Every structure is written in structure tokens, then in C-alpha cells.
Amino acid sequence: MISNQILQNTIDGLKQISRVDMCVIDTEGSVLASTFAETDNYVEPALLFVNSPADSQELQGYQFFKVYDEAQLEYILLASGSSDDTYMVGKMVAFQLQNLLVAYKERFDKDNFIKNLLLDNLLLIDIYNRAKKLHIEADVRRVVFILETNIEKDNSSMEAVRLCLGNKSGDFITAVDEKGIIVVKELAPNDDYAEMDKVAHHILNSLDVRKREGAHIAYGTIVGEIKEVSRSYKEARMALDVGKIFFGERDVIAYSSLGIGRLIYQLPIPLCKMFIREIFDGKSTDDFDEETLTTINKFFENSLNVSETSRQLYIHRNTLVYRLDKLQKSTGLDLRVFEDAITFKIALMVVKYMKYMETVDY
């Protein structure tokens, strides 16, 4: 349950304080952590000590101690020396390791609870009962973030996020698949969406520079009860997907900012195909040349303003009008008319959505 790295860091720190060499061996004879090199000579005595009724004994100049997780023997601790002081240090270290086991067990139980909560695997009554048992407050404002990097099972990034958020007891960092890191963040009463945006950027900036490139983070709406956390998670998941389709240039995306993209994302593909056939009369947006697509996008960026669009494209106003007339003849839609512009914009977004769905393996 406790990683070897945690065990190693623990006994390294305790050795610096006590100046006593130590070693931790599991009940199968594997050396998990040690502050000295010659550990092989002590594996067999440690295995013999596993079956001993004693909780501590001295052998070959080392004190041996048993470390339990409740009634289950987990580790054998070796402390170098035969003095009473070494015995006292060994007992204290064994006690510390037992406390670590308890703490990590509780963290593991909380992690399982949060995962099942996110995935809607709990009945309503179980949510509140287990939250109470695990000392997790039910009526606290929370929001869910999902961070996705280009690396699967990105444990180092998960640890970076933990450090970034300060390991606060009310925050939970976990994963339900191999692609994303999930943060269930507890909020202060006055935290708003502007603050959530700052937190999202703060999390991104905690990543290694190489991992930051291509990383995306999305977050759902703020919820007030623990039973609603799964909704915030689903919203963050949708925001991550919709962001990839329609807002690829953004590395932070909020569910509340998805706009019409959220509606298009929920359309069935057959309905999308029928809509595109009706709008473009069998034509494809792939038939538009680069010049036409650039003109369309710039025209939308400038809120259908002909003068500003022509200025930014470095073309004469009449040239832009000619291009728009040409597009109207081929599609039947005049982008200078608001209703036609809306129809065309939605059609382009629908095409983007359809192309994305063709590339995603669900």
C-alpha cells in the first residue's frame, strides 16, 4: 500500500535524526527500503523472525521489529545496534511505520470512495453514510477538474498536482482511467469561476515543461453537495472533449463556456449528416479552398464586419464582397445576413464534430 519511495524517504529522514541505520523487509523477503548496502545477509533471519512469536529480538548486531497493519504483519524493521537506545529508536520507527499504514489505508479508502462517487457507482444513502465514516464533509462547495497530458498513467504529473494544491485534506486527486488526472477541489464560500480559471492555470503550470505542451484541463460547474460531484465530473469530461473539437487553441476550458458546441456534441451522427446534406446540398466543406475558408473564419471573427475583415485580410472591400457573393452562389447562404451566417457557422461546427467522432475510438 505504501510505495517503496515513501518508505525510503521515511527511514532516510529518521536515520538523519537518530544516526541509526535501518532496513524494511516485507514478509516474503523483499527488501523495500534500506539505509545501508549489505541487506542480503539479513533477509533469511528476517523470514525466520516472521514466524517467531516475539514482536522484537536482537540478532547479528541488529534489532528486529514487527510492523503490523491492524492484526496483519506487514513489515520487518531492522535497526543497527544492540543498545537500549537503538531499541528505543527501533520501537519509535516501527510505531511511525504503523501510523503510515493507517494513514495510507484511510487515503486508499477515500480514493476508492471518490472514484465510485465520480462514476455514479453508489446509492444516495451510501454516499452520505460512507462520507460520514471517512470524515468527508457532505455540504461543501466543490468542483471537478480533469487534466489530460500526452502520457498515460502519468504518476509524476499526479504528484506534481498534489504538491501544487498543497495536499489539502479537502482536495482529492485521483484517476479513473489511464488518460486523465482528476481533481475534486474543495472551495471557499467566495470562490467563483474566475478563481477556478486561476486554479486550472496553476495546475497546468505545475507540470514539467515537456508535459505542459499538448496538455489540456477542463472543469465542470461548482456544486454544493457531495451527491452532485459526479455531475461536475461529467461536465468536465464533456468540456474536455468539446474543447478538443471546437477550441483546440485553448489549454483551459470551462463547461460554462462551451456555448453551442455543447449542444452539437450531443447530436446523433445520422442527424448531423442529414443537416449537412440539407445545408450544402451534397457538397463538402473540404471542397472549399484555403482562401475561402480563411475568409469565412476571419469574417466570423470580426462579427460579420466587412470593413474590418477586408482590412485584416489586406484585401479591398470589393474583393471581400466578391468572395462572399461567390460563396452565396455555391451554398445559397449569404454570410452578410445574420440568419444565414448562424446556419453556416453551425454547419461548420457540425462538420468538425463529425470528423472528430470518426477519429475517436469509443
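Leaving out ligands, DNA and RNA, what percent of the accessible area of the chain is carbon and sulfur, probe 1.4 Å?
Percent of accessible area from carbon and sulfur atoms in the chain: 50.
May I ask you to give the solvent-accessible area per residue for segment 134-187, in square angstrom, as obtained with a 1.4 angstrom probe?
46
Roughly how many debye, to the nearest 20, is the charge dipole of segment 50-164 about its Cα centre, given +1 on each Lys and Arg Cβ, -1 on each Asp and Glu Cβ, and no other charges?
340
Which value in deg cm²/dmol, rounded to the nearest 500, describes the helix-derived mean residue ellipticity at 222 nm for the chain, given -39,500 (n - 2.57) per DSSP H run of n ≥ 4 and division by the residue count?
Numbers: 14 runs with 189 residues, N = 362.
So the calculated ellipticity at 222 nm is -16500 deg cm²/dmol.
May I ask for the net charge around residue 34, where only other residues with Cβ less than 12 Å from the Cβ of residue 34 are counted and Lys, Arg are +1 while Asp, Glu are -1?
-3
Can you pull the Rg over Rh of segment 213-276, Cα-only, Kirkwood?
Using Cα coordinates only, the ratio equals 1.05.
So what are the ³J(HN,Hα) numbers for segment 315-320, from phi and the Karplus equation (6.51, -1.76, 1.60; θ = phi - 60°), rounded to whole Hz, Gly and Pro as x?
Per residue, the Karplus-derived 3J(HN,Hα) values read 10, 5, 3, 5, 5, 5 Hz.
Kirkwood Rh, the chain, all Cα pairs: how many Å?
Hydrodynamic radius (Kirkwood, Cα pairs) of the chain is 25.2 Å.
Quick one: how many lysine pairs does segment 93-180 have with C-alpha atoms less than 17 Å apart and a gap of 8 or more or different chains? Give me the count, please.
Count of close lysine pairs: 11.
Calculate how steeply helix 290-301 sits against the longest principal axis of the alpha-carbon atoms of the chain, using the helix alpha-carbon long axis, and give the answer as 0 to 90 degrees to the nearest 10.
80
Enumerate the lysines that residue 273 could reach by cross-link, defined here as Cα to Cα under 20 Å, with residues fewer than 8 away along the same chain left out.
Within the straight-line limit of under 20 Å, residue 273 reaches these lysines: 283, 345, 352, 355.
Between residue 9 and residue 263, what's the calculated FRET efficiency when r is the beta-carbon distance and R0 is 56 Å? Round to 0.05.
The pair residue 9/residue 263 has a calculated efficiency of 0.65.
For segment 1-57, which chymotrypsin sites (Phe, Trp or Tyr not before Pro) pass both filters: DSSP loop (anything but H, G, I, E, B) and at most 13 other C-beta atoms within 10 Å? Don't skip to the answer; put the middle values down first.
Details: sites: 36, 42, 49; in loops: 36.
Answer in residue order: 36.
What angle, in degrees between 0 and 90 and rounded to the nearest 10, separates the Cα long axis of helix 229-246 from the longest principal axis of the Cα atoms of the chain?
50
What percent do you get for the relative contact order of the chain when only Cα pairs under 8 Å and 6+ apart count? Don't skip to the answer; put the middle values down first.
Numbers: 477 pairs, mean separation 37.9, N = 362.
Relative contact order of the chain: 10 percent.
Springs between alpha-carbon atoms under 10 Å, Gaussian network over the chain: tell me which of 41, 205, 150 tops the mean-square fluctuations.
41
Are there GluC sites (Glu not before Pro) in segment 45-78 that DSSP marks as loop and that have at most 10 other Cβ atoms within 10 Å, and which are they?
Listed in order of number, the matching sites are 70.
Note the angle between two axes, namely the Cα long axis of helix 84-118 and the longest principal axis of the Cα atoms of the chain, as a number of degrees from 0 to 90, rounded to the nearest 10.
30
Given a cut-off of under 8 Å on Cα pairs at least six residues apart, what relative contact order in percent is computed for segment 243-362?
32
The values are calculated or read from the model by the stated rules, or taken from the named source; none is laboratory data. On a predicted model such as this, the values are computed, not experimentally measured, just so you know. Counting neighbours? That spans all protein chains shown, and the Cβs are built from the backbone with ideal geometry, glycine included. Just the protein is used for accessible areas: all its heavy atoms, side chains included, with ligands, DNA and RNA removed. Shrake-Rupley method; radii C 1.70, N 1.55, O 1.52, S 1.80 Å.
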